[in-house]
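Structure, as structure tokens:
The values are calculated or read from the model by the stated rules, or taken from the named source; none is laboratory data. Predicted model only: the values in this text are computed from it and were never measured. Here Cβ is always computed from backbone atoms with ideal geometry, including for glycine, and neighbour counts include all displayed protein chains.
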Amino acid sequence: MKNDPPFFASSKTVEHYTPRYIWERAVRSMGAIDVDPAADPGHNIPAAVHYTKQENGLKHVWTGWVWLNPPFGQDVIVWFEHLARDYSSGNVTEAVVLWKAAVETEAFRALAGITSFVAYPHARINFIPGSGGQHGGKGSNFSPALFYIGKNGNRFIEAYSDISDIWKPVFLSVKEKRKGQTTIPAAAGGEVIA
């Protein structure tokens, strides 16, 4: 993270609450949402289990279908590592993650390492105001992306293709890990060096 650009500081808040049209597509993609590990205080996502900042979703095992819109700060990678562990252990069946299209960051590479498909929305997302109303329903100042982790990508493509371009990551074998890179389990097995 030390070498990551000041991109993480490109927003006034780490809280970006998801508008309905985005999470409804996650429900269509997965069929339901079992866990929202980074839930907003109002529990706006229709999940069976919500973990708010006070309950700290990182202290819990995530199971089933997961919706993740993590705090967008510099420590966001811990959310992706937690998801990777719970997915590779079989606890998480599928997940949809809303985050930035920050391809130059270690956090993006860690998340991409477990991703089956990425949806890049055609427009920036008007997030619901976080604490203090910093966004006020205006467009974000970053390009968003939705990451699908799982084995039923066709439903994800169906759910998001009307508002996004869908990409499928291709992982190339890397023989040597460079200093500062993280090794995480890949969605298709093996390891990805991020």
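Can you name the residue in the range 109-152 that is assigned to a loop (DSSP other than H, G, I, E, B) and β-branched (Val, Ile, Thr) and is also modelled with the lowest pLDDT among such residues?
Step by step, filter the range 109-152, then rank; the result is ILE125.
If I ask for residues that are surrounded by fewer than 22 Cβ atoms within 10 Å (Cβ to Cβ) and under 23 Å from PHE142 (Cα atoms), which ones from the range 54-71 would you list? Matches in the range 54-71: PRO71 only. Yes or no: ALA48 closer than 20 Å to ASN152 by Cβ and over 14 Å from the mean Cα position of the chain (by Cα)? Judged against the criteria, ALA48 is a match. Scanning the range 91-108 for residues that are in a loop (DSSP other than H, G, I, E, B), at pLDDT below 95 and not hydrophobic (A, V, I, L, M, F, W, C), we see that the one that is surrounded by the fewest Cβ atoms within 10 Å (Cβ to Cβ) is GLU104.
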